[in-house]
Structures are given as structure tokens and as C-alpha cells.
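Report on the following structure.
The values are calculated or read from the model by the stated rules, or taken from the named source; none is laboratory data. Only a predicted model underlies this, so the values are computations on that prediction, with no experimental measurement involved. Please note: Cβ atoms are built from the backbone with ideal geometry, for glycine as well, and neighbour counts cover all protein chains shown.
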Amino acid sequence: MIAQRAAYQRNSDNQLVVYVPDEQTPAPQRASTLDEDTLALKRDAQRLGQQLGLGLDEIEVRKETPDAVLIAHLKQMSTAVLAGLDSDQAAKLMQTLTYWMLRQNLSVHDHDEFVRNMHQLINGMRVPTHGAALRNREGRQTREDAVNVLPGTPTSNVYNELWVHAFLPPNGHRCRPSVRQEEQESNVRSDGQVWFDPALTTGVEFVCDNLYQASSLSTFRQGRHGIIRVYLPYNPRSSFVEERQINHDIRDRGHLPEPHFTQEDEPWEQCLQRFIDACASIKNTVRSDLRLIIHRGSEAAQEVIL
């Protein structure tokens with residue numbers, strides 16, 4: 001009857017009038033969700049943090065919403081916005097330059113000097129883990145000031161990454177500088193001859209010793225390195241045809257011939273497998289997030305499943 005306007009009611013004058021129900025006002029709808037409120041608060045907090053860098057230790061920003069009171073704490077940060085190399089970028093730079101430089105007939109000594117200078121260069125190009133905002137990478141990605149290097153000068157600093165340059169003379173090798181009164185002058189000259197040998201071909205004999213020394217480090221056994229990178233700068237050959245073509249190109253460019261073996265028959269295959277097993281043991285017993293990455297020649301880095 002109400003829909004047909006056949007229902008009546010008395011008004012204030014006690015007269016019958018057609019009954020028209022009052023329209024029900026719908027409940028107000030939220031203009032935004034809790035997620036949208038949170039994002040808006042984040043933007044406001046970031047904008048305020050950029051504008052106020054005047055010695056404030058911490059700023060608290062509150063925003064009331066129908067669902068909750070959102071609070072953001074801002075700690076004072078450096079006003080500088082810096083960008084630099086992360087771990088993968090630094091490793092790729094080292095791999096690429098080492099690969100090409102070794103093909104310019106570098107001696108063992110020159111290779112050792114080159115790697116040391118490259119680390120000094122790359123360390124200056126990294127963004128520190130603390131003290132500056134990161135503009136070109138995710139905020140969760142940490143960056144170290146340096147990495148531990150083997151072979152290299154012993155240091156008390158322990159970093160998250162350990163880089164093993166397998167083609168360098170291992171620590172304790174006879175060609176590395178040392179003073180021994182019992183040695184004769186002729187023996188010193190004979191031992192030093194290794195420094196003048198071609199690094200690309202001579203480096204093959206150093207791989208197993210370097211891998212053994214890396215697995216013997218106390219920092220390695222304690223799981224203090226989260227990422228381990230092994231550099232094998234030779235150029236893996238996948239087939240006889242490719243090998244002939246590469247040799248032809250090398251002769252045309254005047255580059256140094258490379259060792260003739262593939263990734264499946266590397267001379268250090270057993271040594272590398274023992275090192276992989278050692279890494280797997282550390283991952284299973286000490287550090288579950290351990291990563292092992294192998295850099296061969298100019299190929300894409302290979303992460304080993306431990």
C-alpha cells in the first residue's frame with residue numbers, strides 16, 4: 001500500500017494525508033582503505049623527513065583513521081642522496097675487466113697488481129651500508145665498504161663477502177716476497193721467475209691451493225661470510241668447432257692462447273667439488289643463507305645450489 005501510495009497517516013492538524021516514508025540516509029562510505037591511509041602517511045613522513053633536517057633526533061607523525069591511529073617514527077638521516085655499486089655490479093665489473101686484461105699477455109705479477117688496484121677502485125665506488133640513502137636500488141639491499149680477498153694481505157676486518165681469485169699465486173707461494181737468511185741469491189731469482197710467467201696459463205696451477213686455503217679460513221668455517229665468489233678467468237670451450245674459431249680469432253687479434261679445456265673437464269674439477277662440498281657443509285650446519293657464486297671467463301655468473 002505504501003508503494004501504491006494507498007497508505008495514510010494523520011498530520012499535526014489531525015488530517016489524513018498520504019503516508020510517504022522518510023528516505024533512509026545511507027551510512028557514509030570510507031573515502032580510502034587502511035592500506036591507502038598507510039601509504040599516504042608514508043609519503044607525508046618521507047616528505048617531512050626531507051624538509052626537516054635541522055638536528056632533530058626523531059620525529060613522530062600521527063594520523064587518525066576510522067580503523068586505527070597510524071604512527072611513523074622518523075630518525076634523522078644524511079641529507080645526501082648517494083648512488084653506487086652493489087655486490088653484483090662490483091663483481092661483474094671485476095670479472096669483465098679481469099677477463100679482458102688477462103688476454104693482453106699480463107704476467108703473474110701484473111695480474112696480482114691489477115686485482116689489488118681494482119679492489120681499491122671498486123671499494124671507493126660502493127655506497128656504505130650506513131649513513132646515506134640509496135637511490136638506485138631497493139632499500140633492503142645492504143652494501144659493504146669492501147670484501148675479503150684471497151689471496152691477499154691478512155686483515156682483522158671481516159666482511160660479508162669473500163672473493164677468491166683462483167688464478168693468483170696463493171698466500172705462502174714461493175714467488176711471493178719473503179726474507180729467508182738461509183736461501184741463496186740464486187734460489188731467490190729462480191723462485192721469482194714465476195712473477196714473469198703468463199698469468200692466463202700459469203694461473204691454472206694455483207687454483208687448487210687457493211680453494212683449499214679458502215676452505216681452511218677460520219672465518220669461512222665460522223660462517224662469517226654470507227657470499228663467496230670464485231673467479232676462474234679462463235674461457236670455457238664448449239665444442240671443437242668453437243675452439244677452432246676462438247683460436248683463429250685470437251691469432252688474428254694477437255691475444256695470448258688460452259688453456260684448451262671445457263667446463264666439464266677442468267683440471268681443478270675435484271678441488272672445486274671439494275670446495276663446493278665444504279660450502280654445503282657450512283650452509284647446513286652454521287649459516288643457512290650462504291651463497292657460492294662462480295665467475296668463469298666472461299660468462300654469466302653461476303650460483304651453485306648448495
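Do we have L34 as over 30 Å from S298 (Cα atoms) and either modelled with pLDDT of 75 or more or touching a strand residue (DSSP E or B) at 6+ places or on another chain (Cβ under 9 Å) (or both) here?
yes
Please go through (1) in a helix (DSSP H, G or I); (2) modelled with pLDDT under 95 for V179 and return the number of the only condition it doesn't satisfy.
If we test V179 against (1) in a helix (DSSP H, G or I); (2) modelled with pLDDT under 95, just (1) comes out false.
Based on what the data block shows, is E269 surrounded by 18 or more Cβ atoms within 10 Å (Cβ to Cβ), at pLDDT below 95 and within 22 Å of E205 (Cβ to Cβ)?
Working: surrounded by 18 or more Cβ atoms within 10 Å (Cβ to Cβ): no; at pLDDT below 95: yes; within 22 Å of E205 (Cβ to Cβ): yes.
No, not satisfied.
Could you list, in sequence order, all residues of the stretch 198-215 that are surrounded by fewer than 17 Cβ atoms within 10 Å (Cβ to Cβ), in a helix (DSSP H, G or I) and at pLDDT below 95? Full working, then the answer.
Just the residues of the stretch 198-215 that are surrounded by fewer than 17 Cβ atoms within 10 Å (Cβ to Cβ), to begin with: 198, 201, 205, 212-213.
With in a helix (DSSP H, G or I) added as a condition, the list becomes 201, 205, 212-213.
T201, E205, listed by residue number.
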